[in-house]
Amino acid sequence: MLFAVIVACEAGFWLVLLAGLGARYLLRWRRAGAALLLCVPLLDVVLLTATVVDLRGGATAGFGHGLAAAYLGYSVAFGHGWVRWADERFAHRFADGPPPRAKPRHGRARARYERSEFGKAALASAIGCGALLLMIALVGDPDRTEALLGWTLRLGTVLAIWSLWPITYTLWPARPEPAAAAEYGAEPAPGLVRPGEPGEGPAAKPGGPGPRG
């Protein structure tokens, strides 16, 4: 049953989101669109309630209960970003809004972005683990909630792997390709010359052949 609830909540998230954005930008119903978007977090409440009711009804915790807690955590932590992502694209497509912001690709901006995403993942893991511990406390039967403890380890493992991205991008920032650096006015790497500028080519070397003609 919980798998069906999770699928329904995921589908409901996007349906309510699209309905809210459609009302805001297609029908110009600002208040109705805002009200629909405010209903998006209610789906997380529905999922948590269904999970707790199932366990309190005597069910033994299984994979679905742990998955529900993990989904709840990531939905809460990343849901606002998903809404903003969709809102920017709707506004650009239907309301002459600015182009959607692209994910930074290089340098300190990319490192900050990866640290921000990791912070959201840490929040998601904290919420998920909190939901798992809440379910364990409400059931009060270690034999029926043993599987939930394993999900805390899964969430911790995912977070540990995720940490590799902010660490590597902070210690070894990504650098743009030479062509991209020239396009954005950055200084080229040593030994590289922008087109049309004097440099260390053969014609510039002392004693080298000069231009023809």
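The values are calculated or read from the model by the stated rules, or taken from the named source; none is laboratory data. If you're wondering where the values come from, they're calculated on a predicted model, not measured in any experiment. All Cβ positions, glycine included, derive from the backbone under ideal geometry; neighbour counts span all protein chains shown. All accessible areas refer to the heavy atoms of the entire protein, side chains included, with ligands and DNA or RNA removed. Shrake-Rupley method; radii C 1.70, N 1.55, O 1.52, S 1.80 Å.
Would you tell me the accessible area of residue 143, worked out with a 1.4 angstrom probe on the heavy atoms of the protein chains, in Å² to the nearest 10?
Residue 143 has an accessible surface of roughly 130 Å² with all protein chains in place.
With θ taken as phi - 60° and the coefficients 6.51, -1.76 and 1.60, list the Karplus ³J(HN,Hα) couplings across the stretch 161-169 in order, rounded to whole Hz; mark glycine and proline as x.
5, 4, 5, 5, 5, x, 5, 5, 6
Applying the Karplus parametrisation 6.51 cos²θ - 1.76 cosθ + 1.60 with θ = phi - 60° to the phi angles of the stretch 107-119, what ³J(HN,Hα) value in whole Hz is obtained for each residue in order, glycine and proline being reported as x?
Each residue's phi maps through the Karplus curve to give x, 5, 4, 5, 5, 4, 4, 5, 5, 5, 5, 5, x Hz.
Volume per residue, Å³, of the convex hull around the alpha-carbon atoms of the stretch 1-106? Walk me through the numbers before you get to the answer.
On the way: hull volume 11.2 nm³, N = 106.
Roughly 106 Å³ of hull volume per residue.
Once R0 is set to 35 Å, what does the formula 1/(1 + (r/R0)^6) return for the Cβ-Cβ distance between residue 88 and residue 137, expressed as a FRET efficiency to the nearest 0.05?
On the way: r = 40 Å, r/R0 = 1.14.
Taking R0 as 35 Å, the efficiency between residue 88 and residue 137 is 0.30.
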